[in-house]
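Every number here is computed from the coordinates shown, using simple stated rules; none is lab data. Note that the coordinates shown come from a computational prediction; the quantities given were computed from them, not determined experimentally. Note that each Cβ is placed from the backbone with ideal geometry, even for glycine, and that neighbours are counted across all protein chains shown.
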Amino acid sequence: MFRRKRTQGQALVEFALAITLIFFLLAAAVDVGLMMFALQGLHNAAQEGAAYGSRWLITDSLGRRVLDTAEIKNHVRFESGDKGGIGFVNLLDLNGDGINDATQTGVVDANITVEMLADPSMDGDPTKDVSSGAAENVQCTDASRATTALCYIRVTVRSIHQMIFPLAPAFSRTVPLKSVYIMPIRDSVARGSGGGTSTTTQTCTVPNFIGKARNTASSLWTSAGFTGTITIAVGSGNIVYQSIAPGTISLCTSSISLT
Ligand SMILES: [Ca+2]
Ligand SMILES: [Ca+2]
């Protein structure tokens, strides 16, 4: 009889220990799951801001093509409509105090960062040099005068996740969340098609005219990409002299004379 009671008490203690652990794991699963949904919301918002910002640049007072930071932040905040979110994260209240961030000084700027980055090593990653691993993070000041390949937009969105089950003092009641999105700037003006600087620096390769018939020279010149005038001296026989040597890399607006 005594022995049986003792076994029952032991089972109760074991159950108490086990249920604590099981409940802890379940609670952790719920909180981690909610954080993943919140992160997804932040990621979508950062992507929306970057997609808008990469396409619609503005010209500042110094004539530089720069990011429309204020409008990009609006696109981030209203990514999921004017209710601010999908239930897991409120994009209009990123610091989680129940007050619209737009009415709080500095809160929007503290939680949404918009940057324009250059890529000095031209390897497609503006945050580091892929071959050496060295950090870059160099600011691009004018997307239309990028001497390196492209400028990139980086949008960072931060939020605070309130834990539903703050089980132990070791775990904070809040967890900071962050999502970053980087993409190349796709502004047409920035890359020369709408008034940038690249048309004046386009180069073409001078073809070899020596020994060619005079009536073929003109088409040879234009098919090499040149737009400058070609002067062909009147005469008979094939061309024996050209004023720019064959194979020379020259501005496409250059002129040439042939004899
Ligand atoms: Ca707020
Ligand atoms: Ca790089």
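Observations on the model:
- A Förster radius of 25 Å combined with the Cβ-Cβ distance from T113 to I58 puts the calculated FRET efficiency at roughly 0.85.
- Binning the C-alpha pair distances of the chain at 5 Å intervals from 0 yields a P(r) profile of 1, 6, 9, 10, 9, 8, 8, 8, 6, 6, 5, 5, 4, 4, 3, 2, 2, 1, 1, 1, 1, 0, 0, 0, 0, 0 %, listed from the shortest bin outward.
- Cβ-Cβ FRET estimate between F37 and S131, R0 fixed at 35 Å, reported to 0.05: 0.40
- On Cα atoms only, tilt of 214-223 relative to the major axis of the chain in degrees: 20 degrees
- Summing +1 for each Lys or Arg and -1 for each Asp or Glu among the other residues whose beta-carbon sits under 15 angstrom from that of E79 gives -1.
- Sites I19 and R173 - FRET efficiency at Förster radius 41 Å, r taken between beta-carbons, to 0.05: 0.95
- Note on the chain: lysine pairs with Cα distance below 27 Å, sequence gap of 8 or more or different chains, count 5.
- Ranked by the mean number of other Cβ atoms within 10 Å of their residues, highest first, the peptides 93-100, 130-137, 34-41 fall in the order 34-41, 93-100, 130-137.
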